[in-house]
Structure formats: C-alpha cells, structure tokens
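Okay, structure first, notes after.
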Amino acid sequence: MKTKLIDWPTFIGAFILLIGVTVPLVLFPEAGKELVDQANTFMTGNFGVLYMVMGLVIFAFLIYVAFSKNGSIKLGDEGEKPEFNTFSWAAMLFAAGIGSSILYWAVIEWAYYYQGPPFGVEPESKEAIQWATAYGIFHWGPIAWAIYTLPALPIAYFYYVRKKPVLKVSEAVRPVLGDRVDGPLGNVIDILFMFGLLGGAGTTLALGTPMIAEGVHSLTGIPANLGMKSAIMLLCTLIFAVSAYSGLKRGIKVLSDINLWLAIFILGFIFVVGPTRFISETTFNALGILTDNFFKMATWVEPFGNLGQFEQTGFPESWTVFYWAWWLVYAPFVGLFVARISRGRTIRQMVLGTMVYGTLGCILFFGIMGNFGLYMQLTGSFDVIGFMNENGAPATIVEIINQLPLAKFMVLLFTILAIIFLATTFDSSSYILASVVQKNVEGEPLRWNRLFWAFALCLMPLVLMFLGGLGTLQTASIVGGFPLIIIMFLLAWSFMKASNTDIRASDDYQSSTIHIERWKKKKRKKKRSALEMLEDKPDNDDK
Ligand code: NM2
C-alpha cells in the first residue's frame, strides 16, 4: 500500500470533520437537529441574496470567459484530440453532475410549485400552472450549470496547460494565495470542499433511496421499510465501489454510457406513448416563460414578504437559494471531474459544452417527465396532488411511472435507472475525493483510496438514516458549504490571473486556438539563448 502519496492532513482532517459532525448527531439527534435547523434558517434567510447574486455573477462571468481570448486556450498539447468523444464526454459530465435526484424532481417538482407558487400567485391557479412548468427548468438550467463549470476553469488550466499533476481545489487558487496553499490554509480549503461534497451526496442519497425503495416495493410488494432502504444503499455502494475501483475508462465511462442510453429510452418512451403534443407544447412554452422571466426568477428574493405586504411563502429560501447552495457544494467536485475528462478541448468548448448539454439534458427530463404528470393532473386521469399529500413524494413518483403502458416494466427500468444514476454520481465522487487527498495524481488515484471514500460516502448517511438524522446532515453540509462562495470567487480570480499572464506572453493570441504549450517551448528557447548571451537571471514565468 503506497501511503507516501497521500496528503495526510487533508485526509485525516476531512475524516475527523465528518466524524465530528456525525457522532454528535448520533448521540444527540434532537439537539443537533435543532441547532442545524437554526443555522440553516439563519443562513438562507440572511444570506439568501448573496447566493442569488453569486448565481448571476458566475453566469455572466462564464459567458464572458467563453467568448473572450481566454476561451480559446486549448487544454492540452497542439494537435491533441479530445480524450473522449463528445457523446461520452457529455454522458459522463451529465452522469457525474446529475444523480438520481433528477428522476425525483423532474417527475414531481412541478407539483410543489403548483401548490406553492412564487410572486404572490394564487396556488393551483392557471398562473401557478405556468410557473410550475418553467421553474424546474430554471433551477436545473444555465445558472446552475454555470455554478458547476466555474471550478473546472482553473483546475483544468493547471492540470492540462501548466501541467501540474495535482487534482485539488487548493492547487487551483495558488496564483491568488501563493505558497500559502501548501500549508494549513490549503488543507482547510480542500477539507471544506470535501465536507460539502459528502453532505451534498448525503442529500442525494436521502432523496434517492426512498424513491428506489418505493420502486422495489411496487414491483415486489415488499414494504419500503428501513431494512429495505439499507439494503438498497448497500447495493448502490457495491455498484459504485466496483465502478470507482475499475477506474475512469472502464468503470465510470461504461456505467455513464449505460445510464445515458437507458435514460434516453425511458424519456423517448414517455414522450412517444404519453401525451406527445402536450409535452412538446408545454415544454416549448416553458422555455418562453423562462427566457422572458430569466432575470425576474434569478432575483426573486421575496423582499416584500418581510414587511408583510406580500404573504411570506419562503419560496426563495426553500427553492432557489437551497438549489444554488446544493449545486455549489457539488461544484468543485464536478469542476474537478469535468477538468479531468476535458483534455484536448478548448476552454470555450468545455464551458459552453457543460452549460448547453447540461441544461438541454435537464430540459428533456423536466419537460417530458414533469409534463407527463402535469397532464394527468390537469385531465384528471390521475390526481397526483391528492395522492402526494396522502402518500408522500417518493411513492407518488413511482405511481406516476406506473400510469404508463407496460407499467411494471417501466417501473423496473425507472428503478434501475435511479440506481445507476446514483452510482454514477457516487463513483465519480469517490474518485475525486481520493484525488483530493493525494499529493499528486499521475494517471489515476490509488485504488484503496478510491474504495475508502466510496465506503465513507455511504457509511455516514447509512448510520444517520437509522437515526432519522439524514435530513440534518443534508442541511449541515449545505450550511457548511457556505465558505465555498468565497472559494468560488478565488477560483475565478485565479483562472483569470494565470491565463491572462500566459496569454499576454503568448504570441499566437490572434489565432482561434491558443496553444500555451507551444509558446512556452519557444519562450524557453529564447530565454536560453538570452541567458547564454547575457548570463542573466531567468524570470519566473508563473507570476
Ligand atoms: N444537484 C444537481 O443527486 C443529484 O442529482 C446530484 C444534485 C446539485 C441538484 C446533484
């Protein structure tokens, strides 16, 4: 077992923080829950605006980067082809960044907006229906994907352009923080990120497991109790542990490809045998509502509610702010992962690819699955709302799928898809957690290390599920992810600083693709000859 490669302070720090949060929750579940809930109300209430501003700023920044010179930089060497074809790239990106939660929310999110719309709109009114069709796409749309993409910029830049074999968030802020990232400050940054990810993944598990359990229940009649949920968690862990163990090219890529084909099949099936015309029209219409109200939605913080002029619904806190926070805790991980798979692409391709393919994928899920349920509600063929208020969301989701022709077969496929979706988020999470606790990653992180984090990812949520504290961990991590806002800012700054320095020195910035590597070689040669002539000190080309 190679242990020299491990960055022990980060490894142990992250583990201690995780134990430090979990053990008190196990010992004092009630008090722990109360504390975390208070922290959550405080954060989303007082800093909600900050999250919303962050979303918009990141979105604008990425659009800028994509169309600026910095966007033309090639990640890798001249003439190098992308390591993965675009289809596999998009599949892996989507499968890593999106987990089983999309199956959950795509099917049911509209029902919540329908009953509790924003902007002071009457619940269950015609106007509420309109918003219900558009809001899901907004929360899984361009701003969300921009949050995901930002960390990929500096990380991919340092990995493939400056060729530092370190996959860490701390490494990506070196241009701003300097060598301080080698000390405790760097460890804190990496630990915060790992903690956020562990909790964000906890949220995913907390949503995915009951839904899968309901699917199994509907197929077999076995009650969806704690025992079954634990069995499901363990099964998923087994699948993603094997996948993470097999590595990027075999495990993760294969599972992502299966995931994508299965998803395409289910979506295609619902679209064709379901209300095709209603789905197309409503989705298309929703895109119009979304485009028309993009900034209104991105800035809706319910300001008048605080003064009693509007009814205070808590809509922004429970939806937009919660979502941005959830995307945020996943972002450095997705950034690391996107960076890792983007060799051979330009920054522009990476940025636009993530935002466009990501959003398109989510539109398909929400448009097809969501509007299928909405159609049944509006035509009265299945009272989704009534069923949900009685049986809860997970059972309702499965029941909606159960309304399709070939019901049992479709529920089976849906359940399998949910399991694979969960596994593909978790295999890449363990892969990345393992990379972050290594001093360097040439090729792939160590196998035992990948397995260790695979089990850590599941073990804590499993324990907490038995105690009923999973929701607390989920909130805790989203609260704990707050400092990531600052880290995001540092990441953006760091990318601009480093790439601008390199571009200024580069001589082919006029061309459409900038090969930093090529001019670096030239520069070294020039420097050498200059040195020979002058015997002068070389300047540091990093600063
Ligand atoms: N996001 C995309 O469970 C999942 O789908 C993982 C969730 C951040 C809302 C990510």
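The values are calculated or read from the model by the stated rules, or taken from the named source; none is laboratory data. Quick caveat: nothing in here was measured; it's all calculated off a predicted structure. Don't worry about glycine lacking a Cβ; one is built from the backbone with ideal geometry, like all the others, and counts go over all protein chains shown. Note: accessible area is taken over every heavy atom of the protein model, side chains too, but ligands, DNA and RNA are not part of it. Shrake-Rupley method; radii C 1.70, N 1.55, O 1.52, S 1.80 Å.
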*Go through 76-88, 96-108 and give me the packing order, highest mean Cβ count within 10 Å leading.*
96-108, 76-88
*Starting from the Cα gyration tensor of segment 126-263, take the square roots of the eigenvalues, sort them a ≥ b ≥ c, and report rounded, prolate or oblate (rounded when a/c is under 1.5, otherwise prolate if a/b is larger than b/c, else oblate).*
prolate
_So if each residue of separation counts as 0.36 nm, and I subtract the Cα-Cα distance between Asn85 and Glu30, what length gain in nm does that give?_
14.8 nm
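Quick check for you: with a 1.4 Å probe and neighbouring chains kept, what is the accessible area per residue of segment 66-118, in Å²?
Values: 1430 Å² over 53 residues.
With the other protein chains kept in place, segment 66-118 gives 27 Å² per residue.
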*Sum up the charges of everything whose Cβ sits under 10 Å from the Cβ of Ala132, counting Lys and Arg as +1 and Asp and Glu as -1, but leave Ala132 out.*
-3
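Give me the extension gain from Glu122 to Lys163: residue separation times 0.36 nm, minus the current Cα-Cα distance, reported in nm with one decimal. Provide the component values of the computation, followed by the final result.
Values: separation 41, 0.36 × 41 = 14.76 nm, distance 5.56 nm.
Here the segment from Glu122 to Lys163 would lengthen by 9.2 nm.
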*Shape call, segment 191-286: gyration tensor on alpha carbons, a/c limit 1.5*: prolate
*Any chance you could check the Cα centroid distance between segment 63-129 and segment 407-447 for me, in angstrom?*
18 Å
*³J(HN,Hα) across segment 220-229 via Karplus (A = 6.51, B = -1.76, C = 1.60, θ = phi - 60°), whole Hz, x for Gly/Pro?*
10, x, 5, x, 7, 9, 4, x, 5, 4
*Protection proxy ranking, peptides 61-72, 160-171, average beta carbon neighbours within 10 Å, highest first*: 160-171, 61-72
*In nm, to one decimal, how far is the Arg447 label point from the Lys497 one, both placed 7 Å along Cα→Cβ?*
4.0 nm
*Between Ile258 and Gln312, what FRET efficiency follows from the Cβ-Cβ distance if R0 is 56 Å, with the result rounded to 0.05?*
0.80
*Would you compute, for the Cα atoms of segment 58-147, the largest minus smallest coordinate along each principal axis and list the three values in descending order, in whole Å?*
58, 28, 15
*Surface share of carbon and sulfur [accessible, 1.4 angstrom probe, percent] for segment 37-140*: 60 percent
*Provide the FRET efficiency to the nearest 0.05 for the Tyr64-Phe265 pair, computing r from the beta carbons and using R0 = 41 Å.*
0.60
_Net charge within 10 Å of Pro165 by Cβ-Cβ distance, Lys/Arg positive one each and Asp/Glu negative one each, not counting Pro165 itself?_
+1
_Rough spin-label spacing in nm, given labels placed 7 Å along Cα→Cβ, for Thr291 and Lys439_ = 5.4 nm
_How much length would be gained if the chain were fully extended between Ala407 and Ala505, taking 0.36 nm per residue of separation minus their Cα-Cα distance, in nm to one decimal?_
29.1 nm
*Excluding Val351 itself, what net charge comes from residues whose Cβ is under 14 Å from its Cβ, given Lys and Arg +1 and Asp and Glu -1?*
+4
_Mean Cβ neighbour count within 10 Å, used as a protection proxy, ranking 144-156, 360-372 highest first_ = 144-156, 360-372
*Cα extents of the chain along the three principal axes, largest first, in whole Å?*
85, 50, 50
_Need one word for segment 297-421: rounded, prolate or oblate. Basis is the Cα gyration tensor (sqrt eigenvalues a ≥ b ≥ c); a/c below 1.5 gives rounded, then a/b vs b/c decides._
oblate
*asked:* Using 31 Å as the Cα-Cα cut-off, could you pick out the over-long pairs in Lys33/Lys164; Lys4/Lys74; Lys74/Lys253?
replied: Lys33/Lys164; Lys4/Lys74
